[in-house]
1. What does the average come to when, for each residue of peptide C:23-33, you count the partner chain Cβ atoms lying within 10 Å of its Cβ?
2. Can you give the charge dipole size of chain A about its Cα centre, rounded to the nearest 20 debye, using +1 on the beta carbon of Lys and Arg and -1 on the beta carbon of Asp and Glu?
3. What is the antiparallel percent of DSSP beta bridges lying wholly in segment B:160-292, to the nearest 5?
4. Once you've got the GNM for chain A with C-alpha springs shorter than 10 Å, pick whichever of A:Asp52, A:Asp196, A:Asp128 has the biggest mean-square fluctuation.
5. Per-residue accessible area for A:Val119 at 1.4 Å probe radius, Å² rounded to 10?
6. Taking the alpha carbon gyration tensor of chain C, what are the square roots of 5 times its eigenvalues, largest first, to the nearest whole Å?
7. Using the crude model of +1 on Lys and Arg Cβ and -1 on Asp and Glu Cβ, and no other charge, please compute the dipole size for segment A:125-181 relative to its Cα centre, in debye to 20.
8. May I ask which residue of B:Asn324, B:Asn251, B:Asn335 lies farthest towards the positive end of the charge dipole of segment B:205-344, with charges of +1 (Lys, Arg) and -1 (Asp, Glu) on Cβ and the Cα centre as origin?
Number of protein chains: 4
Amino acid sequence: MSLIYFASDNYAGIHPEILNAIEKANQGYATAYGDDEQTKTAIGKFREQFGDDIDVFFVFNGTAANVTSLIAMNNSYQAVICADSAHIQMDECGAPEKFCGGKLLLVPTNDGKLTPENVVKHIYRIGDQHHVQPGVISISQTTEYGTVYTPKEVRALANFAHEHQMYLHMDGARICNAAAALNVSLSTVTKESGVDVLSFGGTKNGLMIGEAVVFFNRSLAKNFLFIRKQSMQLASKMRFISAQFSALLSNNLWHRNAAHANAMATLLAEKIADIPHIKITQAVQANAIFAKMPRELINQLYEKFFFYIWNENTNEVRIMTSFNTKESDVNAFANAIRSTKFHD
Amino acid sequence: MSLIYFASDNYAGIHPEILNAIEKANQGYATAYGDDEQTKTAIGKFREQFGDDIDVFFVFNGTAANVTSLIAMNNSYQAVICADSAHIQMDECGAPEKFCGGKLLLVPTNDGKLTPENVVKHIYRIGDQHHVQPGVISISQTTEYGTVYTPKEVRALANFAHEHQMYLHMDGARICNAAAALNVSLSTVTKESGVDVLSFGGTKNGLMIGEAVVFFNRSLAKNFLFIRKQSMQLASKMRFISAQFSALLSNNLWHRNAAHANAMATLLAEKIADIPHIKITQAVQANAIFAKMPRELINQLYEKFFFYIWNENTNEVRIMTSFNTKESDVNAFANAIRSTKFHD
Amino acid sequence: MSLIYFASDNYAGIHPEILNAIEKANQGYATAYGDDEQTKTAIGKFREQFGDDIDVFFVFNGTAANVTSLIAMNNSYQAVICADSAHIQMDECGAPEKFCGGKLLLVPTNDGKLTPENVVKHIYRIGDQHHVQPGVISISQTTEYGTVYTPKEVRALANFAHEHQMYLHMDGARICNAAAALNVSLSTVTKESGVDVLSFGGTKNGLMIGEAVVFFNRSLAKNFLFIRKQSMQLASKMRFISAQFSALLSNNLWHRNAAHANAMATLLAEKIADIPHIKITQAVQANAIFAKMPRELINQLYEKFFFYIWNENTNEVRIMTSFNTKESDVNAFANAIRSTKFHD
Amino acid sequence: MSLIYFASDNYAGIHPEILNAIEKANQGYATAYGDDEQTKTAIGKFREQFGDDIDVFFVFNGTAANVTSLIAMNNSYQAVICADSAHIQMDECGAPEKFCGGKLLLVPTNDGKLTPENVVKHIYRIGDQHHVQPGVISISQTTEYGTVYTPKEVRALANFAHEHQMYLHMDGARICNAAAALNVSLSTVTKESGVDVLSFGGTKNGLMIGEAVVFFNRSLAKNFLFIRKQSMQLASKMRFISAQFSALLSNNLWHRNAAHANAMATLLAEKIADIPHIKITQAVQANAIFAKMPRELINQLYEKFFFYIWNENTNEVRIMTSFNTKESDVNAFANAIRSTKFHD
């Protein structure tokens, strides 16, 4: 019997409208490396969302979107301030350090969110040649704990960054989920809130392969063509990445996919919130639920469902929904959590 | 009117059997990052070609296949010997130097081919701490000039490399074209000829996105999972790269595509060989033709056809065919070359 | 009036016996880059201390000794576990990240000392390609807080490291102070306690310029000649670094210098320990005193003495003695601390 | 019997006036890391030579002076154009590639000298994201063949570089020899000829340890404090490097030393020029002689003299003089070359 997956939004496949766009793009020849019509169209779609005064570049995956952004924003003797749970710290195998040449300065948090107050401790020894100099604040939207920054919170960090001669980077692997959760436009919580460079996630919201680096601060984009190529992120048949993004940004697909994923998480959270042996540990604001549950229950659930144990010591799990999570699967999972017998 | 393209094999789209494989792979959930059934199947397909004693990893593009191979094979104080026309030298924007940390030692050639005789000049100052130490010989198969190494030529280089404590890397962006041209198996001209690590090209032979790094010397693969991830080359929805490779290595598709491209180049070369104002400059052994022609002719042809001027000074052009080059397009191009009026 | 310095042991000059050795080495010609008699002699002096089964290389400064050691010990996708106060984290401007390509995993401590218990939290996700893999534990001896690891404590960390397939690196910028404080040989608390590679500090103990990288695990030294050269650390007139080390390791100079510095710190600590408005915050085990004192007192003292404010928020200062700290200066400083009037 | 050395100018020791300056600087305490009086004085001495509108930083060795200069001048996707004989290509074990992250573009030359005419071939594919972009021209003064650029030749390269949005770097490991040979000021052939950044050599002209990076284009120096520190080139007891430079730039010592070395080479060349079996292969313009001589003669000479075989195949040797080459040694060497019996 095949499992029902609540492991990660990249366990999902390709959304049909995205796949359809790939098929449609497969007509005849197209100039390689981005100088094609599909790519022009896709960039236009981004400008519909964010305005004309932006630059957009496509790369292969989220680690690359983050790392190439940071290369464009920082010198090697500078540092990036981020949450200690950030993807760039925990899940990129040291790529930021190797390719940017710099250091990450970590901020412990409960909810994955930076604030001017918890960041400020890293603003010291400025100008001291012995110490890395903070150059970028990087935040994840949604955070690795499924929480969401409000536009006001992003703006506070942007102002703080700019007042201290730093830039603000947003790892938006799940930016669509965040905007849908906030019920605002993609621009409201990014460009209009002061973000300088955005890693715009596609794969987790229905694409096959593809992420975008979006520069709101265009001076930082000046040499990005070379940075992308040298970083091994230039697709030859780029039209097929572009076409996916065009589809995602057409007919509100980005929002439909993200809102559905969010709704499924909310539904599941509501259904299990009152179960005594379940403790939801983070605000459920987008498409993730963090919860503690007895290990024996986890083991029983694993017979039919898959999800990640986030913390082996505390039995905290991460449950994640996606654009194609079915309501019936949520109900089945909620029922299983409620009714499964286990030994304490 | 849309142009007919002889620019590069990556101007072609996705082969229908490949696209079909992507669609078929889009069923339900699959574990991310390569721990899925499609990827297991694809690795099995490679083992059918090369034997069980290999390791295979998928990456996004050719530059990445080359650079991650070289990271696995060399230390930063070591050097890579390659032709001065090699893709790693001319077309990767310094990625090998930045990410491997080493130097390329160049060999001038007329036909893009290394030999023990033209490589040996870089074997000196061995053990001298001031000088980079050659650690890898890297050859392109087919070469950047469309020429093809015979198994015997590869073996000679492999023996030379191994006798001098070096490894042999093959940039096989067009390895299928080479094997088809030689009418040998993929293994004959790679593993069985002594290659240690192969960059196996997919995109130029009909894939949408995807290249493979194939380790015949498995000791070099030991840490490659980490190298790939740190090099920003780990696809989350890897099943869709894997499925493409499975299709390419099924029903002889790799050979059909490559042989067709090669045949189209041969056909075109035959049709234009006797034209007085055309001088074919390289042996046409695979899917590329290099030829000198009057600039005025080039300009006229550009109204209906696109191809690259390889050398602005000598008016040498590169004409490239692909899996979906039509015989009628070849004929039209040949006729145009023969009959176009131009001023000398 | 010139200040009396308790700022750092590298504010001191060159010990007369060291300077004399430089002068003596300045006879005629000598082969450059380390292939000279003086260097042979110096390596012999290290072997007198540590046994014949070691390799020794000289570099220019402490950052370089640490970074080149770590390059030799780790791959770029591996991480170094260290105290959050470690010099490699706080004072090397990101050199470890840039040149090793990896990540530092930090351990918060009160006294600068790692233990198997506080290190173990970083031993997880082993084999997970997304996460940096711990490869080295790096400890500072003496620590940045002037505390000293006992041989037993070093051995515990070495065993822990080796059990987890890691190496143990010691940043011994003040290794002589540590050995003198413990009243053991240099070998006892390094090689005999399981250290794999030692950054052996010279400059802070009386040299003009010079540090050594000492490999007890000689397999790690195999390519170090190339690592040193590529890291821009190969001195052409190396005999003058070597001669300094020969002098330091002759006539017990290393011990005399270090023991004197330690004694001066102990003396000062004893003299100020009972002053009510002084709180010594770390065990005074070598040549540093950490203490909190009223800011107004600090400001008054600054008219005649210089030392560092370690923490601007808590008014904790670092007072450091060296081989040429005079007992009369210690007395003057102690008296000033005791008798200076200040406003609370 | 001890050999007479004509191997390299870094086989010589410390000039007595330099050693004396080290001794004099060894008075009491001084602030570490360059914030001391000796360093201020040394920078003043450089400004006496080059004017006030420069920035000067001291580093440990010549490789570091070159590499840190290039880091300050170039991005990683840019390239450095240099002679194929350049020290940065031949003798720095890949440090430029590893630490700048870029590529060297080589120019074959007979005499080690670049010209706009032989450099221009690398000015192509400008703006092409696939190809490294030339950002710096780097020349060696004197060249690795002992030849000297005139101010006019340097100016031509500077103009060419600046017209093509590149910078001009000079590896001046032997800049004093060049200026003395040309009988011009240090500034004439560097700053006043359009050089942007100069690696100013100290060690080969009488220092114990020490090189300087001199920025004539001060905008490039903006972040150099951090670059130097991150590159492991910040000396803690910097006063002792500074004092050496102050001595070198006082009482015309730089010129006396260099002129003497040059004169000794000229003398030797004159004495051997007419010997039939000797063929001097490069113009003797500074302190090096390149000459072909029978291998059997070389072997005989090696009993009393040491010098380098530059090319094992052609029996070309490099003979190098220094500030402390004695006229009597030159005479002895010339006589030996003339009178030694050897079998052809």
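The values are calculated or read from the model by the stated rules, or taken from the named source; none is laboratory data. Since we're looking at a predicted model, the values are computed, not measured. Don't worry about glycine lacking a Cβ; one is built from the backbone with ideal geometry, like all the others, and counts go over all protein chains shown. For the accessible areas, the whole protein counts, side chains as well, though only heavy atoms, and no ligand, DNA or RNA atoms are used. Shrake-Rupley method; radii C 1.70, N 1.55, O 1.52, S 1.80 Å.
1. Rounded to a whole number, the mean comes out at 6.
2. Value, rounded to 20: 200 debye.
3. 65 percent
4. A:Asp128
5. 0 Å²
6. So the equivalent ellipsoid measures 33, 27, 17 Å along its semi-axes.
7. With Lys and Arg at +1 and Asp and Glu at -1, about 120 debye.
8. Positive-most Cα among the choices belongs to B:Asn251.
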